[in-house]
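Since the structure comes first, as structure tokens, the remarks are kept for the end.
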Amino acid sequence: MITAALARLHRNLGRRVRVFKHGPDYLDPMVLEKASGAPVYQLHPWMTGEAECQWRLAKAATEADLVLVEGSMGLFDGNPSSADLAVLMGLPVIPVISAAAMAQTFGALVKGLATYRPDVRVREVIANRIGSERHAAMLRESLPSGTSLWGAVPRHEALSIPDRHLGLFQADEIGDIDAQLDAAAEVLAKAGLERLPEPVTLRAKAPNPYPPLLQGVRIAIARDFAFAFLYRANLEMLEAMGAELSFFSMLDSPELPEADALWLPGGYPELHAEALSRNSSLRESIRAHHAKAKPILAECGGLMACMETLVDAEGQSHSMLGLLPGQAKMAGKLVGLGLQSLTCSDGELRGHAFHHSLLETPLQPALFTRRQRFSSQGEAVFTQDGLIATYFHLYFPSCPQAVARIFTTGTLSA
């Protein structure tokens, strides 16, 4: 929310703002797009590639007065970490540190962050959740030489946002999100955060155009509160390759739009299972599409929807599409997490997994992903009559040829 409030603050000051998110994340970018009024893309040197990170940031720098990159986890956590991305891009790092119930230890934390790696540039910090002006003064006095306080942000309800098992609520689910962002921006303005950080220079060459391998292919894409985990870069790549995209709601649409291929992305089918089970006309339309062996890509929540039944967190069973035998069942805990890749005949697809459900199915996987961190076996990939279903979330630009094969032939060979 500090990043989102910063974006809204500077946007309200008349500045052009662009925001990026480090790592595989669908939910934070939704809020950041609301805050900045501009598209938000994921940056991750392994998943999206170093060249794409450099190009997207350099392009944004030509269009904006302020470019913000929100990190993920702690500054040095993960491989590559937020610090690695900052070093690769030549960006200064501004840590946001909760100062609640803390005084001089704040300075020790800043010193550790500033000196842990000599190639990471930490010159300014933001103190969050301060209690008073005196508290802010104590924090400022504790800072080591060479660092300063960009702002001290007090506790405020405008900086809180609801979340659930997969992360934040989707931005469109928060009815007063714009008013909240404006209020949060005012909190940051009073904390002195109107000043722009130090300037940097970003340069990169534009990537080669995508091959037109999807020219004339019509792809129906589920997009609603139940299925909304869509990388903007994935959608843009499909269009750049010539595909015609048509969106529909798994909750409300009576039937599929006319399409050559279908994409069921991730989301929250477990929260809308009853409504999904009631939409029998759409279910029959999707079954008819599958009966013709037309391509279907089902990712995570989409995979869950393809099962015969879905058992929600309360133990209630709901009828799903029935394209695959068995059931998806909420586990009550995190089951799969992390960066993964899938090697196929066209190259290597990269992406991630993050789910709280388990599959119970007699179907044998056709392929398995590999975990990036330990190179161990990752998520199962099921294939059946043009359907490719997996908990693995694909980042399409990592292997455009493989994605084109999925949406034109419904196949993905090792």
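What pairs can you find where one residue is in segment 49-77 and among the polar types (S, T, N, Q), the other is not in a loop (DSSP other than H, G, I, E, B), and their Cβ atoms are less than 9 Å apart, with a gap of 6+ or different chains?
Gln54/Leu88; Gln54/Met89; Ser72/Lys21; Ser72/His22; Ser72/Asp28; Ser72/Gly78; Ser72/Ser81; Ser72/Ser82
Only residues that are crowded, with 20+ Cβ neighbours inside 10 Å, more than 20 Å from Val17 (Cβ to Cβ) and of a type in the set (A, V, I, L, M, F, W, C): list them for segment 47-60, please.
Met47
Among the candidates Val19, Val40, single out the residue that is closer than 17 Å to Ile94 by Cβ, among the β-branched types (Val, Ile, Thr) and in the same structural domain as Ala179 (by TED's automatic domain parsing).
Numbers: Val40 fails: closer than 17 Å to Ile94 by Cβ.
Going through Val19, Val40 in turn, just one is closer than 17 Å to Ile94 by Cβ, among the β-branched types (Val, Ile, Thr) and in the same structural domain as Ala179 (by TED's automatic domain parsing): Val19.
So Leu363 fits all but one of (1) surrounded by fewer than 18 Cβ atoms within 10 Å (Cβ to Cβ); (2) hydrophobic (A, V, I, L, M, F, W, C); (3) within 30 Å of Gly23 (Cα to Cα); (4) in contact (Cβ under 8 Å) with a residue 24 or more places away in the chain; what number is the exception?
Unmet for Leu363, out of (1) surrounded by fewer than 18 Cβ atoms within 10 Å (Cβ to Cβ); (2) hydrophobic (A, V, I, L, M, F, W, C); (3) within 30 Å of Gly23 (Cα to Cα); (4) in contact (Cβ under 8 Å) with a residue 24 or more places away in the chain: (3).
Specify which of the listed residues (Leu109, Leu149, Leu139) is in contact (Cβ under 8 Å) with a residue 12 or more places away in the chain and either among the acidic types (Asp, Glu) or under 30 Å from Gly37 (Cα atoms) (or both).
On the way: Leu109 fails: either among the acidic types (Asp, Glu) or under 30 Å from Gly37 (Cα atoms) (or both); Leu139 fails: either among the acidic types (Asp, Glu) or under 30 Å from Gly37 (Cα atoms) (or both).
Being in contact (Cβ under 8 Å) with a residue 12 or more places away in the chain and either among the acidic types (Asp, Glu) or under 30 Å from Gly37 (Cα atoms) (or both) holds for just one of Leu109, Leu149, Leu139, which is Leu149.
In segment 371-396, which residues are within 22 Å of the chain's Cα centre (by Cα) and within 15 Å of Met307 (Cα to Cα)?
Ala380, Val381, Ile388, Ala389, Thr390, Tyr391
Can we say Glu33 is at pLDDT 95 or above, within 30 Å of Phe374 (Cβ to Cβ) and surrounded by fewer than 21 Cβ atoms within 10 Å (Cβ to Cβ)?
Working: at pLDDT 95 or above: yes; within 30 Å of Phe374 (Cβ to Cβ): no; surrounded by fewer than 21 Cβ atoms within 10 Å (Cβ to Cβ): yes.
The answer is no for Glu33.
Which of the residues belonging to segment 344-359 are in a strand (DSSP E or B) and farther than 22 Å from Gly78 by Cα? Steps first, answer last, please.
Within segment 344-359, the subset in a strand (DSSP E or B) is 344, 347-355, 357-359.
Selection gives Cys344, Gly347, Ser357, Leu358, Leu359.
Among the listed residues Asp312, Asp260, identify the single one that is touching a residue at least 40 places away in the same chain (Cβ under 8 Å), surrounded by 14 or more Cβ atoms within 10 Å (Cβ to Cβ) and closer than 15 Å to His355 by Cβ.
Details: Asp260 fails: closer than 15 Å to His355 by Cβ.
Selected residue: Asp312, the only one of Asp312, Asp260 that is touching a residue at least 40 places away in the same chain (Cβ under 8 Å), surrounded by 14 or more Cβ atoms within 10 Å (Cβ to Cβ) and closer than 15 Å to His355 by Cβ.
Within the group Ser376, Ser357, which residue is surrounded by fewer than 17 Cβ atoms within 10 Å (Cβ to Cβ), more than 20 Å from Leu238 (Cα to Cα) and not assigned by TED's automatic domain parsing to the domain that holds Glu52?
Ser376
Please work out which residue is nearest to Ile221 (Cα to Cα), limiting yourself to segment 403-414 and to residues that are crowded, with 21+ Cβ neighbours inside 10 Å and over 21 Å from the mean Cα position of the chain (by Cα). Can you show your working first?
Step one: filter segment 403-414 for residues crowded, with 21+ Cβ neighbours inside 10 Å, giving 403-404, 406-407, 410, 412.
Now narrow it down to the ones that are over 21 Å from the mean Cα position of the chain (by Cα): 404, 406-407, 410, 412.
Numbers: Ala404: 15, Ile406: 14, Phe407: 12, Gly410: 15, Leu412: 19 Å.
Of everything passing the filter in segment 403-414, Phe407 is nearest to Ile221 (Cα to Cα).
Could you give me the residue pairs with C-beta distances under 6 Å whose first residue belongs to segment 4-32 and is in a helix (DSSP H, G or I), whose second residue is among the acidic types (Asp, Glu) wherever it lies, and which are 6+ apart or on separate chains?
Close Cβ pairs satisfying both conditions: none exist.
Under the condition of being part of a loop (DSSP other than H, G, I, E, B) and in contact with a Pro (Cβ under 6 Å, 6 or more places away or on another chain), which residue from segment 222-240 is surrounded by the fewest Cβ atoms within 10 Å (Cβ to Cβ)? Break it down stepwise before answering.
In the first step, residues of segment 222-240 are kept if they are part of a loop (DSSP other than H, G, I, E, B); the result is 223-226, 230-231.
Restricting the remaining residues to those that are in contact with a Pro (Cβ under 6 Å, 6 or more places away or on another chain) gives 226, 230.
Working: Ala226: 22, Leu230: 19.
The qualifying residue surrounded by the fewest Cβ atoms within 10 Å (Cβ to Cβ) is Leu230.
Filter segment 133-146 down to residues that are of a type in the set (A, V, I, L, M, F, W, C) and part of a helix (DSSP H, G or I) and give me whichever is surrounded by the most Cβ atoms within 10 Å (Cβ to Cβ).
Taking segment 133-146 as the starting set, the residues that turn out to be of a type in the set (A, V, I, L, M, F, W, C) are 136-139, 143.
Retained after the next criterion (residues that are part of a helix (DSSP H, G or I)): 136-139.
Details: Ala136: 20, Ala137: 13, Met138: 19, Leu139: 23.
In this case the residue turns out to be Leu139.
The values are calculated or read from the model by the stated rules, or taken from the named source; none is laboratory data. All of these numbers come straight from a predicted model, not from anything done at the bench. Neighbour counts run over all protein chains shown; Cβ positions are idealised from the backbone, glycine included.
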